[in-house]
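Okay, structure first, notes after.
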């Protein structure tokens, strides 16, 4: 999508929708990306993790596994929000274009194609990192 198609700032959309994507910072803490030693996760908010998860993330490997899980969840939620935002903007542009006389059929087709693409699911492949035995 190009800038003329997007009129509402994404941050406004998130605020109106009530999405709270910042809770991950409380879970991961400010040093989640540092693996200089065997220390575990240090959440900014001690109540952000249940004790079982905090214990599992008590060393560098557990920390890495928790970070993977949180980042995958965050990416999924953010992708959902971006898709919903773009679909909302496309619907608004479609209403505008369809109300014009004469209708721009090429523009309608372009917008409908983007809307169709955004309704699809995508997959990303990761190396397996969990092993239970």
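The values are calculated or read from the model by the stated rules, or taken from the named source; none is laboratory data. Everything quoted here is computed from the prediction, not taken from an experiment. Positions of Cβ are backbone-derived with ideal geometry, glycine not excepted, and every protein chain shown enters the neighbour counts.
Of the conditions (1) under 30 Å from residue 119 (Cβ atoms); (2) within 23 Å of the chain's Cα centre (by Cα); (3) loosely packed, with under 13 Cβ neighbours inside 10 Å, residue 99 fails just one. Which one is it?
Condition not satisfied by residue 99: (2).
If I ask for residues that are touching a helix residue (DSSP H, G or I) at 6+ places or on another chain (Cβ under 8 Å), in contact (Cβ under 8 Å) with a residue 12 or more places away in the chain and surrounded by 15 or more Cβ atoms within 10 Å (Cβ to Cβ), which ones from the range 20-64 would you list?
Once the filter is applied, which keeps residues that are touching a helix residue (DSSP H, G or I) at 6+ places or on another chain (Cβ under 8 Å), in contact (Cβ under 8 Å) with a residue 12 or more places away in the chain and surrounded by 15 or more Cβ atoms within 10 Å (Cβ to Cβ), the range 20-64 yields 24, 27, 28, 32, 40, 41, 43, 48, 49, 53, 57, 62.
Of (1) surrounded by 10 or more Cβ atoms within 10 Å (Cβ to Cβ); (2) at pLDDT below 90; (3) within 19 Å of the chain's Cα centre (by Cα), residue 5 satisfies all except one. Which?
Evaluating residue 5 over (1) surrounded by 10 or more Cβ atoms within 10 Å (Cβ to Cβ); (2) at pLDDT below 90; (3) within 19 Å of the chain's Cα centre (by Cα) leaves (3) as the failure.
If a residue must be surrounded by 13 or more Cβ atoms within 10 Å (Cβ to Cβ) and free of Cβ contacts under 8 Å to residues at least 60 places away in the same chain, how many such residues does the range 83-95 contain?
As a first pass, look at the range 83-95 and keep what is surrounded by 13 or more Cβ atoms within 10 Å (Cβ to Cβ): 83-90, 92-94.
With the extra rule that they be free of Cβ contacts under 8 Å to residues at least 60 places away in the same chain, the set shrinks to 83, 87, 94.
Result for the range 83-95: 3.
When the range 108-125 is examined, which residues are found to be more than 25 Å from residue 17 (Cα to Cα) and in contact (Cβ under 8 Å) with a residue 12 or more places away in the chain?
Correct list: 108 only.
If I ask for residues that are more than 22 Å from the chain's Cα centre (by Cα) and outside any helix (DSSP H, G or I), which ones from the range 112-133 would you list?
Within the range 112-133, the subset more than 22 Å from the chain's Cα centre (by Cα) is 112-113, 130-133.
130, 131, 132, 133, listed by residue number.
Which of the residues spanning the range 66-82 are surrounded by 15 or more Cβ atoms within 10 Å (Cβ to Cβ) and touching a residue at least 24 places away in the same chain (Cβ under 8 Å)? Break it down into steps so the answer makes sense when it comes.
Residues of the range 66-82 surrounded by 15 or more Cβ atoms within 10 Å (Cβ to Cβ): 66-67, 69-70, 74, 81.
Hits for the range 66-82 are 66, 67, 70, 74, 81.
If residue 16 meets every condition in (1) touching a residue at least 24 places away in the same chain (Cβ under 8 Å); (2) closer than 30 Å to residue 108 by Cβ; (3) out of contact with any helix residue (DSSP H, G or I) (no Cβ under 9 Å at 6 or more places or on another chain) apart from one, which number is that one?
(1)
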